[in-house]
Amino acid sequence: MKSTAEDLINGEISSVGVYLYNKLKNYVFEKESSEKTAIRKADFGKIIEEKTDLEEFPAVSKEDIKAICEILYNSKDIEIIIKQLYVFQSDINKSLDEIKEDFVSLFPKTINLENGRINLETGERISFLLKIFEVLDEGIQTALNRAVDEGSSGASNALSNRRHFDMKNKLANGFKEVKKLINESSRAVQEKKIPTEKLPSLFISYAREDDEPFVEKLYQGLKEKGFEIWWDRTAMKNRGRTFLQEIRDAIEDSDLLIAVIGPKAIESDSVRYEWEHALLFSKGVIPVLRMGDYNLLLPEMSKLHCPDFREKRPYEEALEELIRLLKEPIPSLGPIIGIPSLPPNHLPRKNDLNIIKEIILADTVKPVVITSTKQVTALQGMGGMGKSVLSAAFARSAETRRAFYDGIFWITVGLEASESDASGNMRLIGTNLGDDPVNYSSKKEAEASLSKMLSDKVCLIILDDVWKVPQATPFFNALGSRCRLLITTRNDDVVTSLGAQKHEIKVLGKPEALKLLANWCEQEIDSLTSKAAEVARECGYLPLALSICGAMAKSGISWTYILEALQEADLEFIEAQLPNYPDPNVGRALKVSVDFLSLEDPNAVMRYQELVIFPEDELVPETTIAMLWEHTGNLKRRNVEKLLTKLKDRSLLRLDGEAPNRLISLHDLQLDYLRATVGDLTSLHNKLLAAYGKECGNKWSNGSEDGYFFEHLAYHMKEAGRREELHKLLLDFEWMCKKIKCVRLMQEKDGKGIPDLNSLLHDYEFLSNEPKIELVKEAIQLSFDIIAKDEAQFSGQLIGRLQVFNQNEEIRLLLDQATQWKEEDVRLIPLQPCLKPPGGSLKRTFKAHAHPINDVVITSNGKVAISASTDKTIRIWDLNEWIEKGTLKGHLTPVTAIAVSLDGKYAASCSYHIMCLIGDNNIKVWDLEKREEKTTLKGHTHWVQTVAITPDGKYIVSGSLDKTIKFGI
């Protein structure tokens with residue numbers, strides 16, 4: 001007998017999840033003599049109540065759940081969705097988000113409800129169905145786990161594929177830690193029975209002087225239970241316990257750190273550093289008390305559950321408690337986007353971090369009133385003080401990531417940041433939150449779109465290296481009430497203008513400075529000589545200068561030599577080139593380090609100086625630098641890797657990632673130093689162009705897709721003085737198409753991404769005073785929305801807009817290229833000028849309504865437009881800022897007419913649906929300043945077709961199919 005939704009509601013079947021699991025068996029289970037089932041007797045209504053929290057969906061009733069279940073039982077497509085999730089297929093291409101979309105699409109767009117409402121709103125409907133999806137998925141996995149316990153390898157295969165699928169998605173999003181598992185994954189591996197739960201990897205931190213035999217016993221006990229554990233006695237045999245990079249890497253690669261608490265562990269700087277490093281990298285820390293009392297716990301551990309492993313308690317009982325804690329789910333953390341890695345030998349500055357936390361996380365710790373100015377915090381101080389590193393450390397902490405669960409975003413600004421950079425950065429945030437990139441074609445549109453996205457989000461935005469107030473203003477204006485903005489700046493006037501809460505970053509104290517030196521030269525702080533202390537003083541206790549000097553000491557240069565060189569360093573050449581160089585201590589340290597390097601390897605210094613040509617705050621791919629150095633210094637790839645590592649070890653640059661695909665960056669002060677010491681920058685830019693030209697046969701459209709070339713070729717042409725060649729490049733249709741193809745904004749579901757048109761437009765700003773360049777730029781701007789959605793229309797858009805200018809030879813050649821372009825299989829080529837050309841009166845096209853627009857009115861002052869649409873909404877548009885200011889909702893049928901008062905404060909509207917023969921027979925009056933409904937006027941007995949407001953604003957006049965005109969007040 002066929003199961004029905006009624007059976008489900010009445011508890012005759014375990015859940016839809018188990019029902020679907022039974023369908024799944026036909027695809028993944030091996031043939032067995034007696035078919036096994038894993039039906040869990042439970043009432044699905046209770047599962048929905050427990051797992052879906054119907055309070056979130058007050059419109060949903062039990063009858064609605066029943067209707068949804070009926071759709072599932074009768075759907076053939078649901079089996080396809082299950083197979084995509086649980087059946088091994090080597091060509092699985094859909095992401096989990098795509099599968100969820102498929103699931104939602106099974107249901108009609110209008111879900112009829114029993115409580116009188118017409119349907120769930122789109123957002124509420126999707127949220128409800130995704131909750132149902134999660135419950136079903138959980139039900140299937142529960143049933144499969146039970147089948148695994150009964151010995152079914154088919155169920156194990158299904159679970160294996162589900163996990164493999166998750167790993168594939170994580171890999172697509174850049175989670176490198178699962179790459180190895182995916183590469184090793186195969187059908188043969190899947191045939192093996194895998195555990196139904198993944199145990200976290202562990203790092204054991206302890207002091208050997210406390211009770212090392214206990215730690216060995218703990219290690220063996222946890223290893224027998226299946227845990228993967230890093231313990232120095234097995235991982236670092238015959239080595240001392242200095243805090244080496246290997247230990248830091250091990251902590252970062254582990255899921256949890258077990259801190260064995262004892263008196264010696266508390267006293268040990270190295271052990272405490274391990275705990276702090278784990279907390280800094282958002283790792284879970286579980287303290288276990290072996291010796292002493294609970295008052296030994298550090299303040300940051302005092303609120304954590306700490307099992308008692310002292311001798312008075314049975315060991316097995318304590319171990320069982322610890323294992324239970326280790327198996328608990330690790331709390332989810334907010335995603336971090338663009339947050340730079342922390343430098344090697346990073347020194348936690350706990351006092352500064354605690355102050356930053358108190359300011360920014362004020363309302364998460366205790367209820368306080370947060371004003372708009374209190375949403376902004378500024379770290380202010382001169383260059384080289386460690387503002388950026390502090391911000392990155394704060395962003396990476398578990399406490400911060402739990403507070404800002406919708407995401408933490410890092411934006412590097414810099415002195416030369418342009419308006420297009422601001423649009424691109426706002427788009428980066430918006431698209432990561434799910435917005436359409438098309439909404440970010442200009443700074444004004446980007447600000448409005450980001451404001452909408454952040455209105456209900458809990459996010460932290462970090463603007464690093466802000467120089468001017470306008471660089472931060474768009475982000476400040478877009479903040480939602482629960483979002484926060486953190487900026488780093490050298491300029492106090494930026495802090496004052498934004499009304500930000502300021503925390504001044506000062507130089508390190510002497511103990512911290514010596515600790516940083518010790519970290520860099522990998523010595524214990526007590527072993528540092530008096531000369532090292534004098535070096536710290538000569539560095540002015542600045543973190544960047546200390547890092548450079550500590551790196552020199554690690555390379556074998558004595559503290560005495562470093563001190564003498566610092567004291568003798570002549571910075572007149574820097575002061576002549578850069579009279580406002582912020583701190584001579586950093587300049588001296590850089591000079592001394594480069595001078596010592598020159599004695600060892602003059603060629604290394606020449607290669608280092610060539611890095612001056614790359615833009616400020618840019619992450620440059622290692623492949624780009626390898627190509628340049630092969631051209632200028634004949635360096636082989638392996639030698640490039642060694643030299644970059646050497647420069648990183650000298651604290652002369654930053655490296656992120658793994659060789660050979662690392663990203664290289666310079667601190668502002670390092671770049672300023674190079675600019676002051678390197679003479680002919682133009683020739684260096686030409687050398688880079690020559691290297692690229694050799695690689696692409698001097699046809700720029702054949703250039704390297706290294707993540708840098710297409711983005712920055714125009715910049716280097718400008719800096720190389722090759723203005724005519726840049727002019728030709730910007731009018732080369734093949735180049736334009738290749739840049740659109742190669743410079744992508746984000747990875748979409750299809751894996752191809754979407755074109756970064758702002759990057760293309762930015763190139764035209766280098767020749768903004770040339771008329772033909774401006775024409776092409778404006779044509780691209782007018783086509784922005786179309787090309788962003790379908791880049792295949794690029795040629796047709798250019799031809800349709802520029803044909804009126806084809807009497808110009810260069811424009812005609814560009815259009816001939818576009819007409820003859822063969823890359824697209826099918827496209828429309830305009831034969832006549834048919835699109836709005838550049839230089840005309842069209843200023844902007846607004847796109848927001850989902851259905852046709854029936855009426856538009858403009859306020860008497862010309863500043864605001866109001867549109868009425870078949871999508872049942874009214875939208876308000878700011879004609880000065882060219883952005884949408886608000887949406888009015890309330891009509892149940894298409895809005896057909898609208899009127900606005902002379903003072904622009906109120907609007908009146910009417911609605912009806914001519915096809916469905918329905919209407920509400922009413923007039924709605926809107927407060928445009930508050931953007932809310934003021935009242936509803938009733939009286940007509942048939943649809944209202946038109947509405948007007950008298951000039952004095954006293955009356956609203958309406959005309960209806962009931963053959964009457966009514967005057968309302």
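FYI, it's all coordinate maths here, none of it is from the lab. None of these values were measured; they are calculated from a predicted model. For neighbour counting, all protein chains shown are included, and Cβ atoms are generated from backbone atoms with ideal geometry for every residue, glycine included.
Around Arg324, what is the net charge, scoring Lys/Arg as +1 and Asp/Glu as -1 over all other residues with Cβ under 12 Å from its Cβ? Local net charge: -2.
Qualifying trypsin sites (Lys or Arg not before Pro) in region 682-735, where qualification requires a DSSP coil assignment and no more than 16 other C-beta atoms within 10 Å, comprise Lys699. Where in region 369-460 are there GluC sites (Glu not before Pro) that are in a DSSP coil and have at most 15 other Cβ atoms within 10 angstrom of their Cβ? Sparse-neighbourhood loop GluC sites (Glu not before Pro): Glu416.
Assign unit charges at the C-beta atoms only (+1 for Lys and Arg, -1 for Asp and Glu), then state the dipole size of region 454-605 relative to its Cα centre in Debye, rounded to the nearest 20.
Here region 454-605 has a charge dipole of around 800 debye.
Take every Cα pair under 8 Å whose residues are at least 6 apart in sequence, average their separation, divide by the length of region 731-820, and the relative contact order is 26 percent.
Taking 0.36 nm per residue of separation and subtracting the current Cα-Cα distance, fully stretching the chain between Val469 and Lys889 would add 147.6 nm.
Between the amide H of Asn922 and those of Ser911, Val944, distances stay under 5 Å, these residues lying 5 or more places away or on another chain, with hydrogens modeled in the peptide plane. Converting phi to 3J(HN,Hα) with the Karplus coefficients 6.51, -1.76 and 1.60 and the offset θ = phi - 60°, region 766-776 yields 5, 10, 5, 8, 9, x, 5, 5, 5, 4, 5 Hz in sequence order, with x at every glycine or proline. Each of the peptides 953-961, 458-466 was scored by the mean count of other Cβ atoms within 10 Å over its residues; in descending order, highest first, they stand as 458-466, 953-961.
Residues whose amide H falls under 5 Å from that of Asp406, counting only those 5 or more places apart or on a different chain, are Val458, with hydrogens built in the peptide plane. Qualifying trypsin sites (Lys or Arg not before Pro) in region 491-530, where qualification requires a DSSP coil assignment and no more than 13 other C-beta atoms within 10 Å, comprise Lys506.
Spin-label model, Gln807/Thr936: points 7 Å from Cα along the beta carbon direction are separated by 6.0 nm. Here the label points at Lys636 and Lys223, each 7 Å from Cα along the C-beta direction, are separated by 4.0 nm in the simple model. Could you work out the relative contact order of region 240-339, using alpha carbon pairs under 8 angstrom and six or more residues apart, expressed as a whole percent? Contact order relative to length: 23 percent.
For Ile664, the shell of other residues with beta-carbons less than 11 Å away shows a net charge of 0, using +1 for Lys and Arg and -1 for Asp and Glu. Amide H to amide H distances under 5 Å link Trp467 with Gly414, where only residues 5 or more positions off or on other chains count and H is placed in the peptide plane. Work out the FRET efficiency for Lys954 and Ser768 from their Cβ-Cβ distance, taking R0 = 51 Å, and round it to the nearest 0.05. My answer for the efficiency is 0.50. The gain in end-to-end length when the Asp878 to Glu564 segment is fully stretched comes to 106.6 nm, 0.36 nm per residue minus the alpha carbon separation.
With 0.36 nm allotted per residue and the present C-alpha distance subtracted, the Arg537-Ile829 stretch has 98.1 nm of extension available. Computed from label points 7 Å out along Cα-Cβ, the spacing between Asn698 and Tyr405 is 6.1 nm. Backbone phi angles across region 673-681, fed through the Karplus curve with coefficients 6.51, -1.76 and 1.60 (θ = phi - 60°), yield HN-Hα couplings of 4, 5, 4, 7, 9, 8, x, 8, 6 Hz in residue order; Gly and Pro are listed as x. Among residues other than Leu644 with Cβ under 14 Å from its Cβ, the summed charge is +2 (Lys and Arg +1, Asp and Glu -1). Please give the residues of region 929-946, grouped as numeric ranges, whose backbone N is less than 15 Å from a label point set 7 Å along the Cα-to-Cβ vector of Ile965. From region 929-946, the list is 945-946. Show log10 I(q)/I(0) for region 731-820 at q = 0.13 Å⁻¹, two decimals, from a solvent-free Debye sum over equal Cα scatterers. Debye curve over Cα of region 731-820, log10 I(q)/I(0) at q = 0.13 Å⁻¹: -0.41.
Volume of the convex hull of region 853-968 (Cα atoms only), normalised per residue: 86 Å³. Look at the alpha carbon pairs under 8 Å that are at least 6 residues apart: their mean separation over the length of region 286-328 gives a relative contact order of 39 percent.
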